[in-house]
Structure formats: structure tokens, C-alpha cells
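The values are calculated or read from the model by the stated rules, or taken from the named source; none is laboratory data. All values derive from a computational prediction rather than experimental measurement. Cβ coordinates were reconstructed from backbone atoms using ideal geometry, including for glycine residues, and neighbour counts include every protein chain displayed.
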Amino acid sequence: MKRREFSNLLGLGLLATSLPVAIAACQSDSAPTADSGGADDGFVALGTVAELDAQGALANSNVQGKNLAVIRDPGAPESVIAVSALCTHAGCTVVWNGEQSLFACPCHGSNFNPDGSVNSGPTREPLATFEAKVEGDQVLVKV
Ligand code: FES
């Protein structure tokens, strides 16, 4: 074997042995984990219980592509309710009004009850709901 052939084989061997390491290094660190708020059960963290209590609602317009809001269930405050924050009339973002216990749409005045059902129109369709829970100090929602 000539020196050049040996050198080429050696280089190919090094490339082949280092490729798995390079691929592993390129894999995303943003995969959901329990520590980062996502878990194998599909729940992701929207915020902390302290934030929920301070703000009255947790809202995030991009939870895996969904615009969501989470509130404490007024009828069972130890529980939380998650709804789509997109108004079913024309897609504006609803805002939680804790004093009236309603999700209010600023565009045309539709109001939704805490469970997402319609309180007043013009919309006729309820807000979509999502599974939500409190775990430790985290408020989790399943998208
Ligand atoms: S978009 Fe909400 S009432 Fe029209």
C-alpha cells in the first residue's frame, strides 16, 4: 500500500468514527423534557403558580403553535383551565377578565365563560379547551 492510499484510508476511518459524535452534537437540546417544562406525557409548562396567581391568567401565543390561556377554575380554585385564546368569531385574542370571570374578545365583544363556553356573541362557538394541571410550582398544559 502506498503512503497516499494509507493516508486516504486513515482519513476516511477518522471521519467514519467521528461522524456519530458530530451527529449527536448537532441534535437539538430543545426537545421537551420534564425539566424544561415538557415531558414525555405531552404537557408543557406555561408558567409558575405564583405567576398565575399574580397575573390572574397565564397566556402564551405560541405554545407549540397554539395561542393559549390558563386560569384557575373559579368553581374549583385548586384546578386550572386551559383554553385557546383565539376567539371563535374572527380569531382575535381573548383576554381574561378576572372581575367578571369571563374571557372577553376586544374585537366585536364576544364573551366566554371560564370553561370556554359562549357567554355572549356574536360568536356561537366555544373556545377550544386543553388538558391542564398544576404539578409542583408549574402550570402545565397538554397541547
Ligand atoms: S373576533 Fe371575537 S367577537 Fe369578533
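Quick check: anything in the range 75-83 farther than 12 Å from Leu140 by Cβ, at pLDDT 95 or above and under 14 Å from the mean Cα position of the chain (by Cα)? Taking every residue of the range 75-83 in turn, at least one turns out to be farther than 12 Å from Leu140 by Cβ, at pLDDT 95 or above and under 14 Å from the mean Cα position of the chain (by Cα). Looking at the range 82-129, none of the strands (runs of 3 or more DSSP E) lying wholly inside it contains 3 or more residues that are more than 11 Å from the ligand (Cβ to nearest atom). Can you pull out every residue in the range 47-81 that is among the small types (Gly, Ala, Ser), in a strand (DSSP E or B) and either out of contact with any strand residue (DSSP E or B) (no Cβ under 9 Å at 6 or more places or on another chain) or surrounded by fewer than 18 Cβ atoms within 10 Å (Cβ to Cβ) (or both)? Within the range 47-81, Ser61, Ala76, Ser79 meet the criteria. The condition of being surrounded by fewer than 20 Cβ atoms within 10 Å (Cβ to Cβ) and either within 17 Å of Ala59 (Cα to Cα) or modelled with pLDDT under 95 (or both) holds for only one of Gly109, Gly98, Gly116, that being Gly98.
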